[in-house]
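S.K.: Below is one structure. I have some questions about it.
Just so it is clear, none of the values below were taken in a lab; they were calculated from the coordinates. These figures come from a predicted structure and were not determined experimentally. Positions of Cβ are backbone-derived with ideal geometry, glycine not excepted, and every protein chain shown enters the neighbour counts.
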Amino acid sequence: MRPRVSIVIPAYNEGSEIEVVLGRLSEAVGLPHEILVVVDSPDDSTVPAVEKYARNDPSAAVIVNDVKPGPAQAIRFGIERAAADVVVVTMADGCDDPQQIDQLVRLVERGVVIAAASRYSRGGQQVGGPFLKGLLSRMAGLSLWGLARVGTRDATNSFKAYDVDFVRQAGITSDAGFEIGIELVAKARRARLPVAELPTIWLDRNQGVSNFKLVSWLPHYLRWWRFAFGPRLSLEDIRATADRSENP
């Protein structure tokens, strides 16, 4: 059966902890789905854990990104190989609520190009995590919501569902961190395409170490924050404009 949603998980040395996350996903997601765990190396400790899990749940698979390392490239690699018309990006650390995936997918199937899980809308919450990271994320999200009218209060959250056709037409330029979330929200806004959100409760990981690199990734997020402001463009023009700004 062709999946209705491809769940893409960028992972880096998660080891056996990934099995818990995969189990929660399989339990929570009712729609036909595939789970693509993307790693940068066949030697990553995540690989044997996913392969072990997949022996009992063939919806899960691990794929090796052989293009360029890093989470942005892993997410792009996973989306390019998605079999479904809708992709959900979620994290390997279990911070996202898998019970919301079906709802996010159905929003995209109803016509939005991005359905965002929002920590900053009414009913949403962020529990734990570094204070500065959370403050900057909230400021970016609420300012884009209020000033650029992007359709979500949480543009920086990676936990989103995407219309695959939109992603492939708009293109992905991001090559650092988890900036793809804000990049695609900014591109949807410039194309004046609909974005919707659902409140979510985000829980900081209680095991392992976060791979988020605030200082080095911040300029990339700022680039897309600025890009969200501007006149309407076609997806073709948006892709060309983004490519020129990346390769002046």
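S.K.: Can you tell which of LYS160, LYS187, LYS133 shows the greatest fluctuation in a Gaussian network model of the chain with Cα springs below 10 Å?
M.R.: LYS133
S.K.: Cα convex hull of segment 114-172: how many Å³ per residue?
M.R.: Measuring per residue, one finds 94 Å³ for the Cα hull of segment 114-172.
S.K.: Further question: Pick out, from PRO231, ALA54, VAL37, the residue whose Cα sits farthest towards the positive end of the charge dipole of the chain, with +1 on the Cβ of Lys and Arg and -1 on the Cβ of Asp and Glu.
M.R.: Sorting the options by dipole projection puts first PRO231.
S.K.: A further question follows. Kindly identify segment 74-197 as rounded, prolate or oblate by the Cα gyration tensor criterion: order the square roots of the eigenvalues as a ≥ b ≥ c, call it rounded if a/c is under 1.5, otherwise compare a/b with b/c, prolate if a/b is larger, else oblate.
M.R.: rounded
S.K.: When the chain is treated as a GNM, springs tying every alpha-carbon pair under 10 Å, which of PHE229, PHE159, PHE77 comes out with the largest mean-square fluctuation?
M.R.: Looking only at PHE229, PHE159, PHE77, the largest GNM fluctuation is found for PHE229.
S.K.: Also, quick follow-up: Just the number, please: percent antiparallel of the DSSP beta bridges in segment 5-246, rounded to the nearest 5.
M.R.: In segment 5-246, DSSP labels about 25 percent of beta bridges as antiparallel.
S.K.: From the backbone phi of segment 37-49, what are the Karplus-calculated ³J(HN,Hα) couplings (6.51 cos²θ - 1.76 cosθ + 1.60, θ = phi - 60°) in whole Hz, Gly and Pro given as x?
M.R.: Coupling constants for segment 37-49: 8, 10, 10, 8, 8, x, 8, 4, 5, 6, 4, x, 5 Hz.
S.K.: Just want to confirm a number: the relative contact order over the chain, from Cα pairs under 8 angstrom separated by 6+ residues, in percent.
M.R.: Answer for the chain is 21 percent.
S.K.: Mind checking segment 1-55 for GluC sites (Glu not before Pro) that DSSP puts in a loop (not H, G, I, E or B) and that have at most 11 other Cβ atoms within 10 Å?
M.R.: none
S.K.: What ratio of Cα Rg to 2.2 N^0.38 Å holds for the chain?
M.R.: Normalised Rg, Cα atoms only: 0.94.
S.K.: Quote the convex hull volume per residue of segment 1-129, based on C-alpha atoms, as a whole number of Å³.
M.R.: 117
S.K.: Would you work out if segment 57-141 is rounded, prolate or oblate? Take a ≥ b ≥ c from the square roots of the eigenvalues of the alpha-carbon gyration tensor; rounded if a/c is under 1.5, else prolate when a/b is larger than b/c, oblate otherwise.
M.R.: oblate
S.K.: For segment 136-162 and segment 39-114, what is the centre-to-centre distance using only Cα atoms, to the nearest Å?
M.R.: Rounded to whole Å, the Cα centres lie 22 Å apart.
S.K.: Counting only pairs 8 or more residues apart or on different chains, how many lysine pairs in the chain have their Cα atoms under 20 Å apart?
M.R.: Pairs that pass both the separation and distance tests number 4.
S.K.: Counting Lys and Arg as +1 and Asp and Glu as -1, each charge on the Cβ, what is the dipole of segment 5-246 about the Cα centre in debye, to the nearest 20?
M.R.: For segment 5-246, the charge dipole is close to 1200 debye.
S.K.: Using only Cα atoms and rounding to the nearest 10 degrees, what angle (0 to 90) does helix 131-143 make with the longest principal axis of the chain?
M.R.: Orientation of helix 131-143: about 50 degrees from the principal axis.
S.K.: Starting at the first residue of segment 88-105, write each ³J(HN,Hα) from the Karplus equation 6.51 cos²θ - 1.76 cosθ + 1.60 with θ = phi - 60°, in whole Hz, x for Gly and Pro.
M.R.: For segment 88-105, the Karplus curve yields 10, 9, 9, 8, 7, 8, x, 6, 8, 8, x, 5, 8, 4, 4, 4, 4, 4 Hz.
S.K.: Among GLY141, GLY177, GLY111, determine the one that fluctuates most according to a GNM of the chain built with springs between C-alpha atoms less than 10 Å apart.
M.R.: In this elastic network of the chain, the residue with the biggest mean-square fluctuation among GLY141, GLY177, GLY111 is GLY111.
S.K.: List the residues whose amide H sits under 5 Å from the amide H of VAL150, counting only those 5 or more places along or on another chain, with H placed 1.01 Å from N in the peptide plane.
M.R.: The answer is TRP145.
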